[in-house]
Amino acid sequence: VPNLQGPRYISPAPNGGFVVSEECGDVKVFTSSRKLLCSLSSKYGHHFGNPAGICVDVEGSILVADEQRRTVYLFPEHGAPVCLVSTGLRRPTGVACSSFGHLFVADTGENCIKVFKYHVRTP
């Protein structure tokens, strides 16, 4: 996949595609055939500081750790972005989520992993 602006982290998406964070302030979503599906900045009108770790939850929502803004946002397939974590992070660099609604955040600024719980709708 060419023409990325400093790719940092990558995560598979449920539809066979993948998501990439770029150090220049955007997150891009690609289809399984490696075609650009959308940019989260454009789709949601969201301005990232420095997007780092990303993951996709069981509902297909994309979670992004913003290292510069010290936040974690959830971007649902439909609807507005939701700030899941806005305090208590010094330098969030990695994220992972479980099928049980646990959000794991690697906080490099505090040399630890922080665990949060968020609501996941059951199928």
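Observations on the structure shown:
- For the stretch 29-72, the candidate set comprises residues that are in a strand (DSSP E or B) and open to solvent by 40 Å² or more (accessible area, probe 1.4 Å); within that set, the residue that is farthest from L84 (Cα to Cα) is L36.
- A search for C-beta distances below 6 Å between a residue of the stretch 6-33 that is at positive phi and any residue that is not β-branched (V, I, T), counting only pairs 6+ apart in sequence or on different chains, returns G6/E22; G6/E23; G6/C24; G16/S32; G25/F48.
- Residue that is farthest from E67 (Cα to Cα), among those in the stretch 24-35 that are over 13 Å from the mean Cα position of the chain (by Cα) and of a type outside the set (K, R): S33
- Looking only at residues in the stretch 1-13 that are buried (at least 16 other Cβ atoms within 10 Å of the Cβ) and in a strand (DSSP E or B), the one that is farthest from the chain's Cα centre (by Cα) is R8.
- E110 meets all of the listed conditions (1) assigned to a strand (DSSP E or B); (2) farther than 26 Å from L4 by Cβ; (3) not basic (K, R) but one, namely (1).
- Residues that are open to solvent by less than 20 Å² (accessible area, probe 1.4 Å) and either in contact with a Pro (Cβ under 8 Å, 6 or more places away or on another chain) or closer than 17 Å to G53 by Cβ (or both), drawn from the stretch 14-28: V19, V20, S21, E22, G25, V27
- Evaluation of C55 against (1) touching a residue at least 40 places away in the same chain (Cβ under 8 Å); (2) hydrophobic (A, V, I, L, M, F, W, C); (3) farther than 22 Å from G79 by Cβ (one fails), failing number: (3)
- Extreme residue, nearest to V64 (Cα to Cα), among residues of the stretch 88-105 that are hydroxyl-bearing (S, T, Y) and modelled with pLDDT under 95: S98
- Qualifying residue in the stretch 66-74 (condition: of a type in the set (A, V, I, L, M, F, W, C) and free of Cβ contacts under 8 Å to residues at least 12 places away in the same chain): no
- Filtered by the rule that a residue be open to solvent by 40 Å² or more (accessible area, probe 1.4 Å), of a type outside the set (A, V, I, L, M) and closer than 18 Å to A13 by Cβ, the stretch 82-120 gives a lone residue, S99.
The values are calculated or read from the model by the stated rules, or taken from the named source; none is laboratory data. Predicted, not measured: the structure shown is a model, and the values here were computed from it. Glycine also receives a Cβ, built like all others from the backbone with ideal geometry; neighbour counts cover every protein chain displayed. Side chains included, ligands, DNA and RNA excluded: accessible areas come from the protein's heavy atoms. Shrake-Rupley method; radii C 1.70, N 1.55, O 1.52, S 1.80 Å.
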